[in-house]
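The block underneath contains the structure these notes are about, expressed in structure tokens.
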Amino acid sequence: MKQTAVVICPGRGSYNREELGYLARYHADKSAFLAGIDRYRRLCGQVAITELDGLSRYSPSRHGAGENASALIYACALADFTDIDREHYEIVAVTGNSMGWYLALAAAGALDQQAAIALVNTMGSMMRDGLIGGQLVYPVVDENWRPDSAAKANLAAQMERVNRLPGCQAYLSIDLGGLWVIGANTAAIDALKSSLPPIDDRYPMLLAKHAAFHTPLLQSVAQKARELLSPDLFGRPGLPLIDGRGHIWQPLATDTLALYEYTLGHQVVAPFDFSAAVEVAIKEFAPDRLILLGPGSSLGAPVGQALIRHRWLGLEDKPGFKRRQADDPFLLAMGQEDQRSRVVRQG
């Protein structure tokens, strides 16, 4: 009997040093799909993703640049999606985080392959001439991943204080499980970094080469995207899609113009609530599993934190989530070899 699954698509920051060679390692059999992406990028004057993936050394400046990282992650994730064993898993919905929304559109069939790489590559290349603002990450859970209302209130208060300073703009960019991603201009980022208490020598953490997406600072990018990309690229999805508000786009009820306007409007300039997307995934679809596409598995912790927030499957804290993942994983990350083997077709 098939198990039901909601598929989660990763966002920026999921192709790192450990993921170098991901396409060659897992997807050498998908030459036609990869050649189509490379052909599109060469027409844009960009390096082929197969060349980037095949380099002997990972380069943060090269692999991490938006125009390269986005296309690499798209190729890895969509290739993973086709490898899911459909005889064992019935995919009941698709969602994703931030850039992962574009991948979710492709996985669900709202974009064909040509439209998908056009959208991913265009949006990933928007900051080639310089970033607009940046993103700062800070936790709103305790060390055991339990919601910390005091930490959240303090972070909100610090943002409000910073926004009263001359020339500062800071906004919630992504509600990411137990983390808030703050999109802000440089002055606000500097003010927040100096005022937020350090945690574990890691936070507040500035995301390298990330612009202030999902905030009003990106209004010009949303406008430019609508000038470059046509509504005709979008079709109705073949699977339910959960967006960054927790809204479900149903296959037979999707207004494709509204989907286009959300993707290149609200989604670019307003907060992306990944936590809400996970909540809707588990409560509306009650899947047997969540499948996280590769590359990497950096969304594993945010998904776990979101599950703990709702005490899903009786999960109450980080140790409990870790035990469940070791014994009978509810979240299957295809970027982890031991979990990947539970998802892909064998033979």
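A short reminder: the numbers here are calculations on the coordinates, not readings from a lab. Predicted model only: the values in this text are computed from it and were never measured. Reconstructed Cβ throughout: ideal geometry from the backbone, glycine too, with neighbour counts over all protein chains shown.
Expected output is a single nm value to one decimal: the length gained when fully extending between Ala326 and Leu206, i.e. 0.36 nm times separation in residues minus the C-alpha distance. What is it?
Numbers: separation 120, 0.36 × 120 = 43.20 nm, distance 3.11 nm.
Extending this stretch completely gives an extra 40.1 nm.
Could you point to the residue in His266, Trp249, Ile308 farthest towards the positive end of segment 194-347's charge dipole, with +1 and -1 charges on the Cβ of Lys/Arg and Asp/Glu respectively?
Selected residue: Ile308.
I need the semi-axes of the equivalent ellipsoid of segment 212-347: take the C-alpha gyration tensor, multiply each eigenvalue by 5, square-root it, list largest first in whole angstrom.
Computed over segment 212-347, the values are 31, 18, 15 Å.
Based on the Kirkwood radius over alpha-carbon pairs, what is the Stokes-Einstein translational diffusion coefficient of segment 34-113 at 20 °C with 1.002 mPa s viscosity, in µm²/s?
On the way: Rh = 13.9 Å.
For these conditions, the coefficient is 155 µm²/s.
Rounded to the nearest Å, what's the spacing between the alpha carbon centres of segment 217-280 and segment 34-69? Just the number, please.
Taking the Cα centre of segment 34-69 as reference, the centre of segment 217-280 is 26 Å away.
If amide H atoms are built 1.01 Å from N in the plane of the peptide, which residues on other chains or at least 5 residues away come under 5 Å of the amide H of Phe272?
Result for Phe272 returns Ile174, Asp175.
Which option, (1) 21.7, 66; (2) 25.6, 87; (3) 19.3, 62, is the value of Rg and Dmax of the Cα atoms in Å that was calculated from these coordinates?
Computed from these coordinates, Rg and Dmax of the Cα atoms in Å corresponds to label (3).
Separation between the Ile199 and Tyr58 pseudo-spin-labels, each 7 Å from Cα along Cα→Cβ, expressed in nm?
For the pair Ile199/Tyr58, the computed spacing is 2.4 nm.
Which trypsin sites (Lys or Arg not before Pro) in segment 27-81 sit in a loop by DSSP (not H, G, I, E or B) and have at most 13 other Cβ atoms within 10 Å of their own Cβ?
Those satisfying the criteria are Arg57.
Using +1 on the beta carbon of Lys and Arg, -1 on that of Asp and Glu, and nothing else charged, what's the dipole of segment 112-213 about the Cα centre, debye to 20?
That gives a dipole near 240 debye.
With a Förster radius of 51 Å, plug the Cβ-Cβ distance of Glu160 and Lys283 into 1/(1 + (r/R0)^6) and report the FRET value to the nearest 0.05.
Efficiency at R0 = 51 Å is approximately 0.95.
Could you work out how far the C-alpha centroid of segment 123-188 sits from that of segment 327-347, in angstrom?
32
Among all lysine pairs in the chain that are eight or more places apart or on different chains, how many have alpha carbons less than 22 angstrom apart?
Details: Lys2/Lys283; Lys152/Lys193; Lys152/Lys318; Lys193/Lys209; Lys209/Lys224; Lys283/Lys318; Lys283/Lys322.
Lysine pairs, 8 or more places apart or on different chains, close enough: 7.
Using a cut-off of under 20 Å, list every residue of segment 63-79 whose amide N is near the label point 7 Å from the Cα of Ala24 along the Cα-to-beta-carbon line.
Backbone N within reach: 63-65, 68-79.
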